[in-house]
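A.B. asks: One structure, pasted below without further comment.
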Amino acid sequence: MFQILDGKHVSNEILEGLEGSTGSLAVVLVGERPDSLAYIRMKKRACEKVGIVFQLFQFTDTVSQEELLHQVESLNEDPSITGIIVQLPLPPHIDRNAIVQSVADEKDVDGFSTATMGSIAKG
């Protein structure tokens, strides 16, 4: 038997459970894609709703891979940052895997790291 879930209701319950949480979310964005900006606005609102600090690190489409890697490494080392999202897609000149894999496993909000994906695959 199937059960239909009310996604909005489940989402609100999760957010209510997070109210009063401490931590901070760093979002790394390259470019100004409207869909990415909309997604980030939703994440920012959700963070504000539950009291999580939201920080946006935005770069132009011409940013180098080295600059992005440096930013992610800085966020990994910053103890005040508890979660990191690298907003995808990235421009073609950036190696998506290199950037995504540079996010520390314990700060990987999207769960795209090799360790996280391996854990999912293992069940």
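What follows draws every value from the coordinates through simple rules; no lab data is involved. These numbers come from a predicted model, not from an experiment. Using ideal geometry, Cβ is built from the backbone for each residue, glycine included, and neighbour counts are taken over all protein chains shown.
A.B. asks: Grab the beta carbon distance between Phe2 and Asp35, set R0 = 35 Å, and tell me the FRET efficiency rounded to 0.05.
C.D. replies: Once rounded, the FRET efficiency stands at 0.70.
A.B. asks: Which residues' amide hydrogens lie under 5 Å from the amide hydrogen of Gln58, considering only partners 5 or more residues apart or on another chain, with H built in the peptide plane?
C.D. replies: Leu29
A.B. asks: Another question, then. When 1/r is averaged over all different Cα pairs and the result inverted, which Kirkwood radius in Å belongs to the stretch 44-109? Before the final figure, lay out the partial values.
C.D. replies: Details: mean 1/r = 0.0785 Å⁻¹.
It works out to 12.7 Å.
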